[in-house]
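First the structure, in the form of structure tokens, and then the observations on it.
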Amino acid sequence: MLVLCSMLYPSLFAFIWFRCQLRLAWVAVADYLQISEEVKRRDIDCLKLIVTYCLFLTADLSQVWPEANQNFSKEIDDEANSYFQRIYNHPPHPTMSVDEVLEMLQRFKDSNIKREREVFNCMLRNLFEEYRFFPQYPDKELHITACLFGGIIEKGLVTYMALGLALRYVLEALRKPFASKMYYFGIAALDRFKNRLKDYPQYCQHLASISHFIQFPHHLQEYIEYGQQSRDPPVKMQGSITTPGSIALAQAQAQAQVPAKAPLAGQVSTIVTTSTTTTVAKTITITRPTGVSFKKDVPPSINTTNIDTLLVATDQTERIVEPPENVQEKIAFIFNNLSQSNMTQKVEELKETVKEEFMPWVSQYLVMKRVSIEPNFHSLYSNFLDTLKNPEFNKMVLNETYRNIKDLDVKSLLLEAYVKGQQELLYVVPFVAKVLESSVRSVVFRPPNPWTMAIMNVLAELHQEHDLKLNLKFEIEVLCKNLALDINELKPGSLLKDKDRLKNLDEQLSAPKKDVKQPEELPPITTTTASTTPATSTTCTATVPPQPQYSYHDINVYSLGGLAPHITLNPTIPLFQAHPQLKQCVRQAIERAVQELVHPVVDRSIKIAMTTCEQIVRKDFALDSEESRMRVAAHHMMRNLTAGMAMITCREPLLMSIATNLKNSFATALRAASPQQRDMMEQAAAQLAQDNCELACCFIQKTAVEKAGPEMDKRLATEFELRKHARQEGRRYCDPVVLTYQAERMPEQIRLKVGGVDPKQLAVYEEFARNVPGFLPTNDLTQPTGFLAQPMKQAWATDDVAQIYDKCMTELEQHLQSIPHTLAMNPQAQALRSLLEAVVVARNSRDAIAALGLLQKAVEGLLDATSGADADLLLRYRECHLLVLKALQDGRAYGSPWCNKQITRCLIECRDEYKYNVEAVELLIRNHLVNMQQYDLHLAQSMENGLNYMAVAFAMQLVKILLVDERSVAHVTEADLFHTIETLMRINAHSRGNAPEGLPQLMEVVRSNYEAMIDRAHGGPNFMMHSGISQASEYDDPPGLREKAEYLLREWVNLYHSAAAGRDSTKAFSAFVGQVELLERKMHQQGILKTDDLITRFFRLCTEMCVEISYRAQAEQQHNPAANPTMIRAKCYHNLDAFVRLIALLVKHSGEATNTVTKINLLNKVLGIVVGVLLQDHEVRQGEFQQLPYHRIFIMLLLELNAPEHVLETINFQTLTAFCNTFHILRPTKAPGFVYAWLELISHRIFIARMLAHTPQQKGWPMYAQLLIDLFKYLAPFLRNVELTKPMQILYKGTLRVLLVLLHDFPEFLCDYHYGFCDVIPPNCIQLRNLILSAFPRNMRLPDPFTPNLKVDMLSEINIAPRILTNFTGVMPPQFKKDLDSYLKTRSPVTFLSDLRSNLQVSNEPGNRYNIQLINALVLYVGTQAIAHIHNKGSTPSMSTITHSAHMDIFQNLAVDLDTEGRYLFLNAIANQLRYPNSHTHYFSCTMLYLFAEANTEAIQEQITRVLLERLIVNRPHPWGLLITFIELIKNPAFKFWNHEFVHCAPEIEKLFQSVAQCCMGQKQAQQVMEGTGAS
């Protein structure tokens, strides 16, 4: 009826619903009645039903009454319940009357004492939440509760929303049948507040409209009638009310006068009542009102005789003997594994297992637990009986079958369904047809049997009804065909209009009673309920299609987690009352059942529905030129057919699967279950499966529907394109073949017309959209699916959340309007409209569930986006989804913690086809929308140690983007992907040569960046640092911890600065430890420095407090510019230095003196915490970020832990490693706001000296080299584009100074790592590179490059290879290196040289065409191989020995084949090896000169000259190898340098060359060379 009402009166339903959402239901009723003056009586009936339903749906106590949502302490809860207990107590126990309690509540409500106000709120909350259990109260206790309930309204203890809820509860109670328990509750409560009725005239109108109002007590009728006029009765009658409760109360009070009969404290009172409507006496034991307390959401403890047992109980003479449990299990096993192939074997097993006395039980089991719920196996069980050949058993089965068949009057059943409406006919007619279809195989009942023909005549009468649904008419016609009857020859009567028959109609349908819409000319039907109903099996399938419970948008299918909010858990299930922990099994069982069925059902449903839908839509829209209309209609039909197919496919298996999963879960949890527990498990599983089957089915249906839409678009893509193409050509689309067919063969009435589809045909598709099988009908169909209905204009409150949603909607609409018309039907454009619709829904409801649904839709939409769409539309599509997520993340809405947690959960739980979209995930991470620690753990686990290839490939891409390419994701550090990198490295190590393609190279790059930073073992130092970083963003501290930490920090600062602190603050530290122990004793709490978790939280809180003090001090300076900066800094350092000293002392004294592991782990944990706080602060404050406090912590801690103490010397290398880890994580690309402090830290004299000089075996060199590479990588884009703003100029100068220090003090370090540094320095940074390349070992004396006739090949050092500590071959792809090695050895493959340029080129963008790292690696690798090749032949590199080799072929090919940009990079790579005297310098100097001499164009020679010259015209120092190469080039006549045109192309260029020549050789020699060359 409700569904019918909502369909007939959509505007009414919507109006009432939205007003009820605002908790103004009664006002909504009045408003609607006033607005619609032509409301008929039936509209009012519908109105009542809708209002009741809407109020029921909106009855969320926590929303209606905010105070009810508080979490009260146990003491408050106990005190509140003690007052309730006194109401129900009898003397000599403490008692209170209802009036005393009300007076106390009034006092508590207005009290200034917080505790009393909390007791008041707790009592009212408990009372309201107990309402659902009132029907189970004994009469006396219910009467007392009613008086209390009415008294609360009378005294005005509740107002506004809570008052509306209280009035509604009383109204609901009064609407219960006359003389029912709740009716008497309502009367007692109403009598209590009757004097207030004049204040609620509209409420009185609803009371007066109750059907049995005339049976109310007379004095209450008076109050209600006058109350409608806002008046009191002229004479206030005080009539008495007599209810079972008042009588029971009077009897109890009388008994209380006799002390001997007073019940004991806490004794449960047992009341035996005999119902007037049944002959069964029920003994009910009530514990609720006499218990100690009301408990929230706990069902009442009621022990009753199982009514199902009474209904199905047989006579004592027919009692069946139940076999032992092990025999029952064997029987179940036999039938579970029964098949046609093993029939004989299973029959023999049954004969051996079951004694004759147990055969009746087997017959009952077979009928009730097998045949009744497994219709597909009926033939199997019939064959089993035939094979068993036991006539006695056959009789037992037949009798059991008869016993379980309900005697139905089929004609009356049809009449009842006809009267009740179309919904009942939908399942009654198919049921009757199925029954009659079997009569064709019966000798007795086949037509023309009178009984059968009588029913067929009723069906023929029903068939004539003009508004009968087509599928029901079709069902009747098919039945006639099967029975070989002609429907036109049947004799329909007038049974359906028989008034007398209607009067005496017995109700047979077991569905819930509904309000029956009677024909106007017929009197109301009087029905009687059958006194007994045979019980059905505990695990039976639904033979009747259940009423839809969910609208299409209620169900969230983006993950299985969408099931959780809708799962039904009946609290009265006995199993849960006895074992409440089993509730957690329900969700898992349902999700498992859905997971097992969803993919096969979805695929099958789409496959079947797709073909049907495609053919019909193609036919109907063959002459329609609008593809949008065709697409919408196809979606409507596809959605309907797919949902219907999925529903009929999955319902039965789902019911069985859920029940089976539940029974298995229960059995696992309760291993040694008793027979009673097993019965309870069976009953619970059956009920839960029945309650949640509809939900699971809807989930699968919607999953199928969501997938079907895009599939249908693909099928019809050609049709859409044909219509677009026709429109672009300016013609109307028309399929000539279809047009000819329609014109020649189709009658006029059904012939398709050129142009739009007829409205009558479109109505069919609208019906498809209106009623999707399994879902509630759609109320508003003015807009087609996929198009957004305009949001309703409601007078919502303009709170912050609404403003955020409104802004989001406005921006989304602007994006939608900007989409070109040609892309309006693009699936992504449609998805954006759907997203906007979801925002409107979330805005209107503004609750967390709607927000979560919107969030999941946005995340799923991002993951579903593909790069194959229109580029601009794809960009807009992603922007819109990010816009929605950012709106939800707004602090005024749901905030970052909740939002990021839910987004991460969506990423983790979504389906595999969406999960691995690396661009979408990177986009979410870049926008700070992902909880990286949680996602990192999930990604590491999902790789399954390399078994999940998709996850491994995705993780590789993500690591490359975030940590190698570092594409604008500065806030992500290796700590954020710690577990992912660790897993990838393990996969690479264990793959034994079969690693996924590219993984070894990626791990090599990652290792070169991070391996220098110590181990990655679980629990190791690096792990401790990363865990510290992760925990720095957690804020769910225990209550009082911050205050405790602040107290301890303040105490320590005072002790540190006191005169008695002692040397190195050791005395202060001892006193501090004593303070900590004293504080712990005072607070009776666990020690703040006793567990890892508390230590972590303590250091995080201390860091935050010190940083905050520093910010406040610096803010004072901004407000008072005249303040002394030195004093401000001293104020900051006051707390920071004390905190650092505390860290140092804890590190030194943690663990045993010889236990270095504990000390290093603590240091790494603390550094990780400081790093985490810094990164969080940097991200939040951005431009307001201050470096000072963090710089002070790091520098002072570095100095403290490098003091000359034995305990610190033993851990010095691990300490330095920890600091290198820290600085690498804080590298400038990750925390640019910290860059100046960072550069100062890594260039501090103590740090450089310790890393490069004092650490033995040069173990600190690779770590320090990595820090310099981090610096160069940050500078590179600014230097490459020459964007040297003032801040960047300062940073660049600082970098030059650091390199000068290294060049002077540690030149060997620069020599060993020159390749790695030059690899990341941009080509245009000449001076920076010269500083590095000019380094030479301190024990070497460089020959003067200007020495006349210097014989370089005669130098002793010239044949010694330099040490290069960078793995330069790691960047080479495996196949490329393999082909290169092959060519160097055999000059094959022959295509290597021709393919070389394409292997080096990565794009066509000028300035970024080539892979510079690969060019550098190729040049150095070929050079080293050439040197080895020459040495193997017993020669040394020279102009004659380097020629005519595969190595030189490669270099000459590169010089000729590359364009100008590529050749410049290639020559630069050669020039980078022109350093101090060594074999590399000699070889590459010869190579450079040889290429000049052998060049086939002057352009190559000019470019060689440019590369050498630009490195010489900058300030000193200049590399030695560069000088000797250039001097040889201009001095040796063989090269004819001064004859080339580019030397004399302009006067200033010629002067430049002359100046350089004079600098290199001296003025006189230069003049001779220039003149001599010119003369020659």
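Listed values, structure above:
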item: Residue among LEU641, GLN615, ALA659 farthest towards the positive dipole end of the range 611-692, charges placed on Cβ; result: ALA659
item: Heavy atoms of THR740: accessible area, 1.4 Å probe, square angstrom to 10; result: 70
item: Accessible surface, the range 1303-1461, averaged per residue in Å² (probe 1.4 Å); result: 47
item: Rounded accessible area of VAL443 (nearest 10 Å², 1.4 Å probe); result: 130
item: The range 174-185 - phi-based ³J(HN,Hα) in whole Hz, Karplus 6.51/-1.76/1.60, Gly and Pro as x; result: 5, 7, 5, x, 4, 6, 7, 4, 6, 4, 5, 4
item: Cα-based Rg and Dmax for the range 323-431, where Dmax is the largest Cα-Cα distance (Å); result: 17.8, 54
item: Average accessible surface area per residue within the range 157-222, 1.4 Å rolling probe, Å²; result: 37
item: Alpha-carbon centroid distance for the pair the range 1333-1382 / the range 839-912, whole angstrom; result: 56
item: Net lengthening on full extension, GLN817/ARG727 (0.36 nm per residue, minus Cα-Cα); result: 30.2 nm
item: Within the range 1296-1448: Cβ-based charge dipole about Cα centre, in debye rounded to nearest 20 (Lys, Arg +1; Asp, Glu -1); result: 200
item: Linear extension gain, LEU1552 paired with LYS1433, 0.36 nm per residue minus alpha-carbon span; result: 38.6 nm
item: Estimated vicinal HN-Hα couplings, Hz - the range 690-706 in sequence order (Karplus 6.51, -1.76, 1.60; Gly, Pro = x); result: 5, 5, 10, 4, 4, 4, 4, 5, 4, 4, 5, 4, 5, 4, 5, 5, 4
item: Spin-label model distance (nm) - GLN588 vs MET1288, 7 Å beyond Cα toward Cβ; result: 5.7
item: Added length on full extension, which subtracts the Cα-Cα distance from 0.36 nm per residue, SER1398 to VAL737; result: 232.8 nm
item: Gyration tensor verdict on the range 167-240 (Cα atoms; rounded if a/c is under 1.5, prolate if a/b is larger than b/c, oblate otherwise); result: prolate
item: Hz values of 3J(HN,Hα) by residue in the range 1184-1192 - Karplus curve (6.51, -1.76, 1.60), Gly and Pro given as x; result: 8, 5, 10, 7, 3, x, 6, 4, 5
item: Accessible carbon and sulfur surface of the range 330-475 relative to its total accessible area, %, 1.4 Å; result: 56
item: Charge tally in the Cβ shell below 12 Å around ASN948, where Lys, Arg are +1 and Asp, Glu are -1, ASN948 excluded; result: -1
item: Across LYS760/LYS915; LYS1131/LYS1230; LYS369/LYS583; LYS714/LYS760; LYS114/LYS1044; LYS583/LYS607, pairs whose alpha-carbon gap is larger than 32 Å; result: LYS760/LYS915; LYS583/LYS607
item: Label point at ALA1493 placed 7 Å out along Cα→Cβ; residues across the range 1333-1359 whose backbone nitrogen lies under 19 Å; result: 1349-1355
item: Accessible surface, the range 821-974, averaged per residue in Å² (probe 1.4 Å); result: 39
item: Cα-centred dipole magnitude for the range 634-713, charges only on beta-carbon of K, R (+1) and D, E (-1), debye, nearest 20; result: 180
item: Dipole in debye (nearest 20) - the range 75-162, about Cα centre, beta carbon charges: Lys, Arg +1; Asp, Glu -1; result: 180
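The values are calculated or read from the model by the stated rules, or taken from the named source; none is laboratory data. Only a predicted model underlies this, so the values are computations on that prediction, with no experimental measurement involved. In this analysis, Cβ positions are derived from the backbone assuming ideal geometry, glycine residues included, and neighbour counts consider all displayed protein chains. Areas reflect the complete protein model, heavy atoms only, side chains present, ligands, DNA and RNA absent. Shrake-Rupley method; radii C 1.70, N 1.55, O 1.52, S 1.80 Å.
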